[in-house]
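These notes are about the structure you will find just below.
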Amino acid sequence: MSWESGHEFAPASYAVTRADLVRYAGASGDFNPIHYSDRVAESVGLPGVVAHGMYTLALAARALTDWVGGPEAVSSFGARFTKPVVVPDTDDGVRVDVTGVVKSADDTSVTVELTVTSGGTKVLGMCRAVVRC
């Protein structure tokens, strides 16, 4: 593993379908209808059903932990929710793509900046992690 500043991790890409949203709602207890009803989502100004923000963040965390060898290496991780991930009612759903680059490193830790997009739109902002090396 290269911990040098500028190192780019292999991109990760995840399909998100409405079935995934149903499973996530059951696991998280978040049954807000914007995550399953186009009618309700559109009534509050959304373009359609959107993924749970924490589900999107979890996909970014999955990419991060795959890159760094597991969750035990992560000291801190956070992001801002900037745009919703709109999930169409199709078998393919939508893709969430995650890239990462080492921004800085010292003898004990590495700062990783992640870019999380869907359909070419950045959906998480200030997505950063500190990992132990």
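Bear in mind these aren't lab numbers, they're just calculated from the coordinates by the rules spelled out. Every value quoted in this text rests on a predicted model; they were computed, and no experiment measured them. Reconstructed Cβ throughout: ideal geometry from the backbone, glycine too, with neighbour counts over all protein chains shown.
Have a look at the stretch 51-128 and give its Rg and Dmax from the Cα atoms, expressed in angstrom.
Looking at the stretch 51-128, its Cα Rg and Dmax stand at 13.3, 47 Å.
Which whole-angstrom value gives the distance between the alpha carbon centres of the stretch 79-120 and the stretch 34-65?
Answer, in whole Å: 14.
Can you show me the helix-derived [θ] at 222 nm for the chain, built from DSSP H runs with n ≥ 4 at -39,500 (n - 2.57) apiece and divided by the number of residues, rounded to the nearest 500.
-7500 deg cm²/dmol
If I histogram all Cα-Cα distances within the stretch 1-61 using bins 10 Å wide from 0, what percent of pairs lands in each bin?
Cα pair-distance distribution for the stretch 1-61, in percent: 20, 40, 21, 14, 5.
With θ set to phi - 60° and the Karplus curve 6.51 cos²θ - 1.76 cosθ + 1.60, what are the ³J(HN,Hα) couplings of the stretch 116-122 in order, to the nearest whole Hz, using x for Gly and Pro?
Ordered by residue, 3J(HN,Hα) equals 10, 10, 9, x, x, 9, 5 Hz.
So how tilted is helix 53-68 from the main axis of the chain? Cα-based, degrees 0 to 90, rounded to 10.
30
Considering only the other residues whose Cβ falls under 13 Å of the Cβ of VAL102, what net charge follows from Lys and Arg at +1 and Asp and Glu at -1?
-2
Compute the signed sum of charges (Lys and Arg +1, Asp and Glu -1) over the other residues within less than 14 Å, Cβ to Cβ, of GLY125.
+3
Quick one: what Rg and Dmax do you get for the stretch 77-117 from the alpha carbons, in Å?
When restricted to the Cα atoms of the stretch 77-117, Rg and Dmax are 14.8, 47 Å.
Would you work out which of ALA129, VAL110, VAL68 lies farthest towards the positive end of the dipole of the chain? Charges go on Cβ: Lys and Arg +1, Asp and Glu -1.
ALA129
Can you give me the relative contact order of the chain as a percent, contacts being Cα pairs under 8 Å and 6 or more apart?
31
Please state, rounded to one decimal and in Å, the Kirkwood hydrodynamic radius that the chain gives when every pair of distinct Cα atoms enters the mean of 1/r.
Radius from the Kirkwood sum: 15.5 Å.
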